[in-house]
Amino acid sequence: MENSLNLHKKIKRDHLNIMKNVLIIGATGQIGSELTMTLRREYPGGNIVAGYIPGAEPKGELLESGPAHIVDITNPAQIAEAVDKYNVDTIYNLAALLSAVAESKPQLAWKIGVGGLYNTLEVAREKKCAVFTPSSIGSFGPSTPHEKTPQDTIQRPETIYGVTKVTGEMLSDYYARRFGVDTRSVRFPGLISYVAPPGGGTTDYAVDIYYSAVKGEEFKCPLKPGTFMDMMYMPDALRAAVEIMEADPSRLIHRNSFNIASMSFDPEIIFNKIKEYCPDFKMTFELDPLRQAIADSWPDSLDDTCAREEWDWKPEFDLDAMTRDMLANLRVKLGVAEKA
Ligand code: SER
């Protein structure tokens, strides 16, 4: 992790010695496990509380570097208890089922995505916390313009994941307007990282492909050539999550949620990029009809002009920089030597 964090630029900040007390709900998941560590580095004087559910306890560095508290997002009393105990002023709500797995458990996806967000917003209203809840490229659907998808456009997703994300965007904006809760968020693209694996998403192939390349295995791609989606390297996503919550509110025209983008590719483009560094790498196609249908309904690329204008969003990693960093770090993680 050190490598990428050293590579990415310091978060812009005009107020030094900022102190925040933050609760991360879903702190042991794909985003949470890295965001919790980032926040502990960014706010060294504050309580950065790793909220987790039994069965997904924090381990290692995540456990040792700060407080942890059981917070099941479907249980409002647990959220309130953690907020009170650690004097929390900001909540990062990262609890969710990803798109493909949510299709097999739609009721649970709604309970966590919408019921959980409602519980979080109610606690935030009562205890005056700011709230970040990620939205996604999955909040768009087949009737959305697929290329350079605008910030404000048609959002009629056909997945339960997307339905919960659009509902979440609207509910968060409602709490900002009606109750003054400081809600802000971004629409994340598929997130790529060598730290915690994603689980059950449509964009997961773009993580799995690097593991196959480093292990020297053939990659069986679940999506067909020409399936373009927005993707982002995790250090950029983490920086976005911190910068949006620190942005000057007087400049924000939008709140929930900002399009952010850094790269868009299809399976052949990422495969050919990896092949530049792993010449023996091979890919075949073994299509997953569910993931293919979901991917086809999502945009090919987002227009992130509003995020750039309203809070100076700017990505740092392109496909080449990400690929070099992923391969180097995965080789270390998996104990594989680079081929001469
Ligand atoms: N990465 C998510 C998924 O594939 C999209 O936000 O479900």
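Overview of results
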read-out: Distant-in-sequence amide H partners of Ser136 (H built 1.01 Å from N, under 5 Å); value: Phe188
read-out: Cα gyration tensor shape for the range 241-340, rounded if a/c is under 1.5, else prolate or oblate; value: oblate
read-out: Theoretical ellipticity at 222 nm over the chain - DSSP helices of four or more residues, -39500 (n - 2.57) apiece, nearest 500; value: -12500 deg cm²/dmol
read-out: Rounded if a/c under 1.5, otherwise prolate or oblate - the range 102-206, Cα gyration tensor axes; value: prolate
read-out: The range 71-115, Cα convex hull volume normalised per residue, Å³; value: 65 Å³
read-out: Calculated Rg and Dmax of the chain using C-alpha coordinates, Å; value: 19.2, 61
read-out: Percentage of interatomic Cα-Cα distances in the range 20-147 larger than 25 Å; value: 25 percent
read-out: Separation in nanometres of the label points that stand 7 Å from Cα toward Cβ, at Glu61 and Thr305; value: 3.9 nm
read-out: Viscosity 0.890 mPa s, 25 °C: Kirkwood-radius Stokes-Einstein D of the range 190-244 over Cα pairs, µm²/s; value: 197 µm²/s
read-out: Extended-chain gain in nm, criterion 0.36 nm per residue less alpha-carbon gap, Ile253 and Glu218; value: 7.9 nm
read-out: Contour excess over end-to-end distance, with Cα ends at Asp84 and Arg41 and 0.36 nm allotted per residue; value: 13.2 nm
read-out: For the range 165-300, convex hull of alpha carbons as volume per residue, Å³; value: 122 Å³
read-out: FRET efficiency estimate (nearest 0.05) - Cβ-Cβ, Asp288 to Arg156, R0 25 angstrom; value: 0.60
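Taken together, the values in this text are just the output of simple stated rules run on the coordinates, not laboratory data. Bear in mind the structure is a predicted one, so any value in this text is a computation, not a measurement. Heads up, the Cβs are rebuilt from the backbone with ideal geometry, glycines too, and the neighbour counts pull from every protein chain shown.
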